[in-house]
Amino acid sequence: MCDVVVLEDNDLLRELLVEVLETEGFEVAAFATPHEALGRMEAVPPCRMLATDLDLGVPGLDGFKVAERVRAAHTNLPILYVSGRPALMNGRRLGAFEDFIAKPFQAEAFLKKLHALGIAPNRRAGT
């Protein structure tokens, strides 16, 4: 079962997040476009969590819209919003299963956010 879907349009950051998560034992599905990520999140079984960049460069389909569509089918799915522009969060109330982390961030801070959302790997690192 997939633990985390990473939706990040920056290739380097996406690859780094995958490496960090897999080293910690998470099973990861990573995508550069919202359409790919939505396709995976609509699969059965869905992944256990979504980490999405907010500024995806796709008109009309930012990280909030992706999260909205995912939440329509999976109401309690944890979502971690990621952005280098924290002002995008202005006026937004986070729900019980949501959190935010600003870029740049340390890997440890990202992992802490996942754990705070109740996400731990399904398998041990190196297995």
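Tabulated data
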quantity: Some residue of the stretch 52-74 being of a type in the set (Phe, Trp, Tyr) and closer than 23 Å to Met1 by Cα; calculated: no
quantity: Qualifying residues in the stretch 8-47 (those that are over 22 Å from Phe105 (Cα atoms) and assigned to a loop (DSSP other than H, G, I, E, B)) - the one modelled with the lowest pLDDT; calculated: Val44
quantity: Val18 vs. criteria within 12 Å of the chain's Cα centre (by Cα), within 22 Å of Ala120 (Cβ to Cβ) and surrounded by fewer than 18 Cβ atoms within 10 Å (Cβ to Cβ); calculated: yes
quantity: Among (1) surrounded by 14 or more Cβ atoms within 10 Å (Cβ to Cβ); (2) among the polar types (S, T, N, Q); (3) touching a residue at least 40 places away in the same chain (Cβ under 8 Å) - the single one Asn122 does not satisfy; calculated: (1)
quantity: Filtered residues of the stretch 86-100 (kept if surrounded by 14 or more Cβ atoms within 10 Å (Cβ to Cβ) and out of contact with any Phe, Trp or Tyr (no Cβ under 6 Å at 6 or more places or on another chain)); calculated: Leu88, Phe97, Glu98, Asp99
quantity: Every residue from the stretch 72-88 that is over 20 Å from Met41 (Cα atoms) and without any contact (Cβ under 8 Å) to a residue 12 or more places away in the chain; calculated: Ala87
quantity: Residue match in the stretch 55-73 (condition: closer than 24 Å to Gly95 by Cβ, of a type in the set (Phe, Trp, Tyr) and surrounded by 17 or more Cβ atoms within 10 Å (Cβ to Cβ)); calculated: no
quantity: Within the stretch 1-15, considering residues that are acidic (Asp, Glu) and within 22 Å of Asp55 (Cβ to Cβ), the one surrounded by the most Cβ atoms within 10 Å (Cβ to Cβ); calculated: Glu8
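The values are calculated or read from the model by the stated rules, or taken from the named source; none is laboratory data. Computed from a predicted model, the values in this text were never measured in an experiment. No Cβ is skipped: glycine too gets one built from the backbone with ideal geometry, and neighbour counts run over all protein chains shown.
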